[in-house]
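Only one structure is covered here, and it is reproduced in the block below.
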Amino acid sequence: TQGTQDTQDTVKQRLLEKDRKHLWHHMSVHSDDPMIFVSGEGCWLTDIDGNRYFDAMSGLWCVNIGHGRKEMAAAAAKQMELLAYVPLSHSHVPAIELASKISGWLGGEYRIFFSNSGSDANEVAFKIARQYYDQIGQPNRYKFISRHRAYHGNSMGALGATGQAQRKFKYEPLGTGFQHVPPPYCYRCPFGKSTDSCRMECAGIYDQVIQWEGPETVAGLIVEPVITGGGMIVPPPGYLKKVKEICDKHGVLLIVDEVICGFGRSGEKFGHCNYGVGPDIVTMAKGLTSAYAPLSATAVRADLYDSFRERSGTDHFRHVNTFGGNPLSCAVALKNMEILEDEKLIQASGELGRRLSERLLGLSAHRTVGDIRTFGFAAGIELVEDKETKRPASAENVAKVIESCKQRGLLIGKNGDTVPGYANVLTLAPPFVTTPEEVDWMASTLEIALNTLP
Ligand code: PLP
């Protein structure tokens, strides 16, 4: 009725006023009114006006099992009633079970340290790597090598590892000891190579840089299996294996950031499984709980942990965070992993990903589509103004496509700065409960949106 509609409009206006006045949004300039969401079910979100949107980015690449899971809420409530908190200097049942389960999923002997966010998990990895080398008698190994275009988090160390200038500007100087090498970005190869002339210089460069820096000063390399947030940059086959060989040659630890690629996004349990590489340290967050609760983990090869055992003084890992591994988050993560297993959602992610790749291929002839890159159930569509010169699409045109999708009920993401100043890569990373028909709909909606460009 009109009366109810008026009341709803008033409620919305009040919320918007408070929002404008008090809420500091992430990564946003406070120009437009935000969308206010009130509920979610499966892949679909409902806003305060009752409009439904398909969440094709799973929030921020994280709601892997989909929204509105009653079993997750029940697991959280049950744990809260039973035991809300003890610090992890003691132990509790969900943390023990979860550490053991993650280690099992990694298929090897790993020791698990819990924290709150992906950034935390990477900070912990860096500190453990430095301390490990110190304790095995190689105290000069403090440097880490990352890649340009990589994102590893927002805290001073994790942002130091990040290779995106636009995120660091005005916050520097950051954590020290981080070097960056060019990304394995075949579409705009930083080494000027084509598929035929490629000798995987993007992997070989690590060998050179480690030698130039002095291998005795390098503690670790950090890589995502594919660079996701930096523009969906998928390496050539064999890249990660070669990187691991170079690490082993120089005694450098391989830290794999699975914050996005893990927990089924790649179509396997973890992204490194797609490449048959065993990391020394694995960091994870997001899909670990499908974002139903904050939790992250740093998994460390068990034999590295041995150097932290049975020692006194400063030789144990002197790092604590209050909420890391809290019972609620661990119970939620366990339920999330159970759902992924019971509903065979990792397999589903792989199958949906293959379908999405096929459907997106249909867009490759479009005049604005320069490159399409997929990995598991995630995709990046790089938009250009000109296919010959690869001149990136303008911010205005990228915004038009995103808005046009939104008008049709499809929320997609945007990434990039693969060419500095241009965020011209559209991204998709939908929940694993997407139906095949919804995959087809996403592709056709994107095509309609692309056709609206001049
Ligand atoms: N690592 C990667 C690959 C990420 O994409 C992100 C966040 O997007 C992070 C680390 C940081 O995670 P968080 O935002 O939970 O700190």
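The values are calculated or read from the model by the stated rules, or taken from the named source; none is laboratory data. Quick caveat, the model's predicted, so the values are computed rather than measured. With ideal geometry, Cβ positions are generated from the backbone for all residues, glycine too; neighbour counts draw on all protein chains shown.
Within 15 Å of the ligand (Cβ to nearest atom) and either modelled with pLDDT under 95 or farther than 30 Å from Tyr187 by Cβ (or both): is that true of Ala297 in this structure?
The answer is yes for Ala297.
Return yes when Ile381 is buried (at least 19 other Cβ atoms within 10 Å of the Cβ), in contact (Cβ under 8 Å) with a residue 60 or more places away in the chain and not in a helix (DSSP H, G or I) and no when it is not.
The answer is yes for Ile381.
What helices (runs of 4 or more DSSP H) completely inside the range 110-208 contain at least 3 residues that are assigned by TED's automatic domain parsing to the domain that holds Ser307 and away from the ligand (no atom under 16 Å from the Cβ)?
It comes to 118-135.
Polar (S, T, N, Q) and more than 23 Å from Ile112 (Cβ to Cβ): is that true of Gln164 in this structure?
Here the answer is yes, as Gln164 does meet what is asked.
Across the range 246-272, which residue is nearest to Trp212 (Cα to Cα) among those that are touching a helix residue (DSSP H, G or I) at 6+ places or on another chain (Cβ under 6 Å) and more than 13 Å from the ligand (Cβ to nearest atom)?
The residue in question is His250.
Does Leu383 fit the bill of being closer than 23 Å to Ser266 by Cβ and touching a Gly at 6+ places or on another chain (Cβ under 9 Å)?
It is false that Leu383 is closer than 23 Å to Ser266 by Cβ and touching a Gly at 6+ places or on another chain (Cβ under 9 Å).
Please name all residue pairs, on different chains or six or more residues apart, with Cβ atoms under 6 Å, provided the first residue is in the range 40-53 and is modelled with pLDDT of 95 or more and the second residue is hydroxyl-bearing (Ser, Thr, Tyr) and in a loop (DSSP other than H, G, I, E, B).
Note: pairs meeting the criteria are Cys43/Thr434.
Please pick out the residue among Leu295, Leu288 that is within 21 Å of His319 (Cα to Cα) and not hydroxyl-bearing (Ser, Thr, Tyr). Explain how you work it out, then say what you get.
Numbers: Leu288 fails: within 21 Å of His319 (Cα to Cα).
The unique qualifying residue is Leu295.
Just for the range 213-229: of the residues that are over 13 Å from the mean Cα position of the chain (by Cα) and among the charged types (D, E, K, R), which one is surrounded by the most Cβ atoms within 10 Å (Cβ to Cβ)?
Initially, the range 213-229 is screened for residues over 13 Å from the mean Cα position of the chain (by Cα), giving 213-222.
Going one step further and asking which of them are among the charged types (D, E, K, R), we end up with 213, 216.
On the way: Glu213: 15, Glu216: 13.
Only one residue tops the list, namely Glu213.
Are there any pairs, at least 6 apart or on different chains, whose C-beta atoms fall under 6 Å, with the first in the range 350-363 and within 13 Å of Val439 (Cα to Cα) and the second in a loop (DSSP other than H, G, I, E, B), and if so, which?
Gly350/Gly267; Leu352/Phe377; Leu352/Thr434; Gly353/Gly267; Gly353/Gly376; Gly353/Phe377
Among the numbered criteria (1) in a loop (DSSP other than H, G, I, E, B); (2) buried (at least 16 other Cβ atoms within 10 Å of the Cβ); (3) modelled with pLDDT of 95 or more, which one does Thr322 miss?
Evaluating Thr322 over (1) in a loop (DSSP other than H, G, I, E, B); (2) buried (at least 16 other Cβ atoms within 10 Å of the Cβ); (3) modelled with pLDDT of 95 or more leaves (2) as the failure.
Go through (1) closer than 23 Å to Gly278 by Cβ; (2) surrounded by 22 or more Cβ atoms within 10 Å (Cβ to Cβ); (3) more than 12 Å from the ligand (Cβ to nearest atom) and name the single condition Pro94 misses.
Just one mismatch for Pro94, condition (1).
Would you tally the residues in the range 325-343 being free of Cβ contacts under 8 Å to residues at least 12 places away in the same chain and within 17 Å of Phe270 (Cβ to Cβ)?
Total satisfying the criteria: 1.
Filtering the range 231-254 down to residues that are part of a loop (DSSP other than H, G, I, E, B) and more than 20 Å from the chain's Cα centre (by Cα), which residue is surrounded by the fewest Cβ atoms within 10 Å (Cβ to Cβ)?
Among those residues, the one meeting the criterion is Pro237.
Exactly one of (1) small (Gly, Ala, Ser); (2) under 30 Å from Asn415 (Cα atoms); (3) in contact with a helix residue (DSSP H, G or I) (Cβ under 9 Å, 6 or more places away or on another chain) is unmet by Ala125. Its number?
Here Ala125 meets the rest and fails (3).
Under 7 Å by Cβ, and 6 or more places apart or on different chains, what pairs join a residue from the range 403-418 that is farther than 16 Å from Asp55 by Cβ with one that is among the charged types (D, E, K, R) and not in a loop (DSSP other than H, G, I, E, B)?
Thr418/Arg188
I'm trying to understand the selection: among the residues of the range 81-91, which are in contact (Cβ under 8 Å) with a residue 12 or more places away in the chain and loosely packed, with under 14 Cβ neighbours inside 10 Å?
Of everything in the range 81-91, those that are in contact (Cβ under 8 Å) with a residue 12 or more places away in the chain and loosely packed, with under 14 Cβ neighbours inside 10 Å turn out to be Leu82, Ala84, Tyr85, Val86, Ser89.
Counting only residues that are within 14 Å of the ligand (Cβ to nearest atom) and in a loop (DSSP other than H, G, I, E, B), which one in the range 214-230 is nearest to Arg188 (Cα to Cα)?
Gly230
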